[in-house]
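Just so it is clear, none of the values below were taken in a lab; they were calculated from the coordinates. Nothing here was measured: the structure is a model prediction, and the numbers come from that model. Cβ atoms come from the backbone with ideal geometry, glycine included; neighbour counts cover every protein chain shown.
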Amino acid sequence: QQQVKQSPQSLIVQKGGISIINCAYENTAFDYFPWYQQFPGKGPALLIAIRPDVSEKKEGRFTISFNKSAKQFSLHIMDSQPGDSATYFCAASRFKAAGNKLTFGGGTRVLVKP
Amino acid sequence: DAGVIQSPRHEVTEMGQEVTLRCKPISGHDYLFWYRQTMMRGLELLIYFNNNVPIDDSGMPEDRFSAKMPNASFSTLKIQPSEPRDSAVYFCASRQGAGDTQYFGPGTRLTVL
């Protein structure tokens, strides 16, 4: 059972545009929502994360928006650059549960055209 | 820090052969995770260890898969016998304590013919 659904599977955006990736989760016990960025041939790397006590978190050009009642969260990439071309994974976990195991979404391949 | 180290980076084997994937976590990290990535199923957690002890292996697909962590700086994931459907990229990740960041290795691309 997929507990974290991610969309779209892929998107193409022009340089300077905004990339938006959405995720929805089912388990209301989840309380930690990270986004990972993966470049071809590399392992995923933590990009930004949010806890449900805030509705938005911004780090540079990357912003997470969180809607607890809708059980949805999204990643916005502002002023997208060709170097942002990568696959992005949302994830969710129970932060204080044993192991803090991450459940990943299916991934979104982002291509930023110059 | 060298980060999480995995070997080999690529492995091509024939069906029925034994495959051993290796991982060296970041020094001082007490959690180690093994993941499998495929186009169809995405990133799946196979097993994780805490202080070298396997805690949750519910993601291990079959008895053909086994994982060990004999010490804090080394772990193996073994597939015996291997099958074509095991073809995937296998990642190892480590984390320090209950912290939020898992650090992934570069992965091993396994192809079973």
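Lysine pairs in the protein assembly as shown whose alpha-carbon atoms fall under 13 angstrom of each other, counting only those eight or more residues apart or on distinct chains, come to 4. Projecting the Cα positions of A:I20, B:Y90, A:F73 onto the charge dipole of the protein assembly as shown (unit charges on Cβ atoms of Lys, Arg, Asp and Glu, taken about the Cα centre) puts A:I20 furthest along the positive direction.
What relative contact order, as a whole-number percentage, does segment A:1-67 give when Cα pairs under 8 Å and 6 or more residues apart are counted?
On the way: 72 pairs, mean separation 13.5, N = 67.
Normalised by residue count, the contact order of segment A:1-67 is 20 percent.
Taking every residue in A:76-83 and counting other chain Cβ atoms within 10 Å of its Cβ, the average works out to 0.
Could you tell me the relative contact order of chain A? Use alpha-carbon pairs under 8 Å, at least six residues apart, and round to a whole percent.
37 percent
For segment A:25-35, putting each phi into the Karplus relation 6.51 cos²θ - 1.76 cosθ + 1.60 with θ = phi - 60° gives couplings of 10, 10, 7, 5, 7, 5, 9, 8, 9, x, 10 Hz, in residue order, rounded to whole numbers and with x for Gly and Pro.
In whole Å, what three semi-axes, largest first, describe the equivalent ellipsoid of the protein assembly as shown built from its Cα gyration tensor (square root of 5 times each eigenvalue)?
Result for the protein assembly as shown: semi-axes of 30, 20, 16 Å.
For segment B:13-113, the convex hull spanned by the alpha carbon atoms encloses 92 Å³ per residue. Among B:Y48, B:Y90, the order by Cβ neighbours within 10 angstrom, fewest to most, reads B:Y90, B:Y48. Largest GNM mean-square fluctuation across B:S75, B:S27, B:S94, computed for chain B with C-alpha springs under 10 Å, falls on B:S27. One equal scatterer on each Cα of chain A, no solvent, Debye formula: the resulting log10 I(q)/I(0) at q = 0.17 Å⁻¹ is -0.77. Taking other C-beta atoms within 10 Å as the exposure proxy, B:I5, A:I50 rank B:I5, A:I50 from fewest upward. Springs between Cα atoms under 10 Å define the GNM used for chain A, and in it the highest mean-square fluctuation of A:S85, A:S55, A:S74 occurs at A:S55. Footprinting exposure proxy ranking of B:C23, A:C90, fewest other C-beta atoms within 10 angstrom first, gives B:C23, A:C90.
Neighbouring Cβ atoms from other chains, within 10 Å of the Cβ of residues in B:93-106, number 4 on average. Rounded to the nearest 20, the size of the Cβ-charge dipole of chain A about its Cα centre is 140 debye, with Lys and Arg at +1 and Asp and Glu at -1.
From Cα pairs below 8 angstrom and at least 6 apart in sequence, can you work out the relative contact order of chain B, rounded to a whole percent?
37 percent
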